[in-house]
Amino acid sequence: MVMNQSENTTLSGTKPFILSLLCFAVFVYSAFFILMFATGIFFRGWITRVLNDYVPERNLTSSVIMIVCFAAIVLYGLSFLGALLMWKQKMKGLLIYIISCVLIIVIPYLYGIGNFITVIVFAVMTISFALFYRRLA
């Protein structure tokens, strides 16, 4: 059976359904956290008071909360951008996503507030996306 050029490009250009689902999951997850941290910037005074009530030894300031929220918005924005580029089947999307995931995992551990569930979620998502690296151009 001989395939002509148009059939070949159509087959290679199709996006796997699982990749679409993974990208959609990252879109929702990242957008939720971007909105949550954007809200944190606007209500940083209240968040500072609550955190200082529950963790008084940290003595957090409003400016620290703003910096944390802004950094999280940037990192989750990179995660969203990486998923968007992978949605368009671009290899650099996978690289951007992996870098943002590593930073989202590592930075909290540097400050002693890391969470094991975050490591598991981002590791599973990164491995899942990496399985499609041959489909990305």
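Since every read-out is calculated from the coordinates, none of them should be taken as a lab result. All of these numbers come straight from a predicted model, not from anything done at the bench. Heads up, the Cβs are rebuilt from the backbone with ideal geometry, glycines too, and the neighbour counts pull from every protein chain shown.
Are any residues in the range 85-94 in a helix (DSSP H, G or I) and surrounded by 15 or more Cβ atoms within 10 Å (Cβ to Cβ), and if so, which ones?
Just the residues of the range 85-94 that are in a helix (DSSP H, G or I), to begin with: 85-87, 91-94.
Those that are in a helix (DSSP H, G or I) and surrounded by 15 or more Cβ atoms within 10 Å (Cβ to Cβ): LEU85, MET86, TRP87, GLY93, LEU94.
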Being in a helix (DSSP H, G or I), of a type outside the set (Phe, Trp, Tyr) and surrounded by fewer than 12 Cβ atoms within 10 Å (Cβ to Cβ) is true for just one of VAL124, VAL102. Which residue is that? VAL124
Answer from GLY82, GLY112 - the residue that is assigned to a loop (DSSP other than H, G, I, E, B) and of a type outside the set (Lys, Arg): GLY112
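Tell me, please, whether a residue that is under 14 Å from the mean Cα position of the chain (by Cα) and not polar (S, T, N, Q) can be found in the range 57-70. Write out each step before concluding.
Residues of the range 57-70 that are under 14 Å from the mean Cα position of the chain (by Cα), as a first pass: none.
Looking for residues that are under 14 Å from the mean Cα position of the chain (by Cα) and not polar (S, T, N, Q), one finds none in the range 57-70, hence no.
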